[in-house]
Amino acid sequence: MGYTDAHDTSVLPRNLFSIFLEIFVYFILMLYSAEPWPENATLYQQLKGEQILLSDNAASLAVQAFLQMCNLPIKVVCRANAEYMSPSGKVPFIHVGNQVVSELGPIVQFVKAKGHSLSDGLDEVQKAEMKAYMELVNNMLLTAELYLQWCDEATVGEITHARYGSPYPWPLNHILAYQKQWEVKRKMKAIGWGKKTLDQVLEDVDQCCQALSQRLGTQLYFFNKQPTELDALVFGHLYTILTTQLTNDELSEKVKNYSNLLAFCRRIEQHYFEDRGKGRLS
């Protein structure tokens, strides 16, 4: 009981069906991916001025920077219910032709299937290193942003609840904000961040920035002269941290300690946004 005999051939037809189904879905996705990038491709995020939070704003900017680096046009559309429109429940997501894809990782793969890649010039060792640094950013900077938004009482009381619930009437605005806070706190507890103090979180941010600063050095980008998705991800988070008004400047001061990271952010803003008629981001 509870297992299947290894010699039981009755499971084979179902397994074969699953394999054929996966192959069919793969070819359908490749068929759509092979279509050229449309001029009306759209990126969805929450309302910029009054709703979007630090972590989501950073994620959206990272995707925008990545697409700019790939020379792919994208129109940014702000919707109050963008989080609930997303297939994964996370923003940003892009609508390209008949496809809807959310979050940077899947978007990078989707764009690669269309023939656009920023990291094809890297060797296998460099690709592994790039992925390791991207994991570092997601595990440290993103988690720190979520902690600050939902676990730091001052930020929660003065900023997070009001912004997150701003599009909705009372009492839905409070219900949704407390539900989200409960979800994030549960995640923090699960990954061992539940009992961290704000000072400990800020120290983690500093260590992450130090590692990024050392890897960047005096180069234009993390892998010398051409940007990769790592550059887009780091820019999205660091630039948003530097330009987002919080209850104090402790978080942004950690980034400001590293002059090469500041120059890196300014370089990408100027080259991929200002010089292309997008204007300053801040």
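Using 7 Å Cα-to-Cβ label points, what is the Arg266/Glu153 separation (nm, one decimal)?
It works out to 4.0 nm between the two label points.
Taking the Cβ of Lys189 as the centre, find all other residues whose Cβ is under 12 Å away and add up their charges (Lys, Arg: +1; Asp, Glu: -1).
Charge balance in the 12 Å sphere: +4.
Roll a 1.4 Å probe over the protein chains and send me the accessible area per residue for region 169-282 in Å².
Averaged over the residues of region 169-282, the accessible area is 54 Å².
Hey, can you grab everything whose amide H is under 5 Å from the amide H of Val76? Only 5+ residues off in sequence or another chain; H modelled, so Pro and N-termini drop out.
Leu43
For the chain, return all DSSP H helices satisfying: extent of Cα atoms along own axis at least 24 Å; mean Kyte-Doolittle hydropathy at least 0.5.
12-33
Computing the accessible area with a 1.4 Å probe over protein heavy atoms, can you report the carbon and sulfur percentage for the chain?
54
Could you let me know the centre-to-centre spacing of region 211-242 and region 108-181, using Cα atoms, in angstrom?
Each part's Cα centre sits 17 Å from the other's.
Given N residues in region 196-282, what is Rg(Cα) / (2.2 N^0.38 Å)?
Cα-based Rg divided by the globular estimate yields 1.11.
By accessible area of protein heavy atoms, probe 1.4 Å, what ranking do Thr218, Thr160 get, highest first?
Largest to smallest exposure gives the sequence Thr218, Thr160.
Using a Förster radius of 51 Å, what is the FRET efficiency between Asp123 and Lys75 based on their Cβ-Cβ separation? Nearest 0.05, please.
About 0.90, to the nearest 0.05.
Give, in nm to one decimal, the length gained when the segment between Lys189 and Lys131 is fully stretched (0.36 nm per residue of separation minus the Cα-Cα distance).
18.4 nm
Can you give the three extents of the C-alpha atoms in region 42-274 along their principal axes, from longest to shortest, in whole Å?
52, 44, 34 Å, listed from the longest principal axis down.
When a/c is below 1.5 the answer is rounded, else prolate if a/b is larger than b/c, else oblate, so apply that to region 86-168 with a ≥ b ≥ c taken from the square roots of the Cα gyration tensor eigenvalues.
Since a/c reaches 1.5 but b/c is at least a/b, the shape of region 86-168 is classed as oblate.
Tally the DSSP beta bridges in the chain and give the antiparallel ones as a percent, rounded to 5.
65
Whole angstrom only: what separates the Cα centroid of region 247-269 from the Cα centroid of region 52-100?
First find each Cα centre; the distance between them is then 23 Å.
Straight-line reach only, C-alpha to C-alpha below 20 angstrom: list the lysines that Lys185 could link to, leaving out same-chain residues fewer than 8 apart.
Result set, ordered by chain and number: Lys90, Lys195, Lys196.
Would you look at the GNM of the chain, springs on alpha carbons closer than 10 Å, and say which of Lys196, Lys254, Lys114 moves the most?
So, out of Lys196, Lys254, Lys114, the one fluctuating most is Lys196.
Between Leu172 and Asn40, what length comes free when the chain is fully extended (0.36 nm per residue of separation minus the Cα-Cα distance, one decimal in nm)?
Computed gain between Leu172 and Asn40 is 44.2 nm.
The values are calculated or read from the model by the stated rules, or taken from the named source; none is laboratory data. Keep in mind the model is a prediction, meaning the values are calculated, not measured. Please note: Cβ atoms are built from the backbone with ideal geometry, for glycine as well, and neighbour counts cover all protein chains shown. With ligands, DNA and RNA removed, areas are computed over all heavy atoms of the protein, side chains included. Shrake-Rupley method; radii C 1.70, N 1.55, O 1.52, S 1.80 Å.
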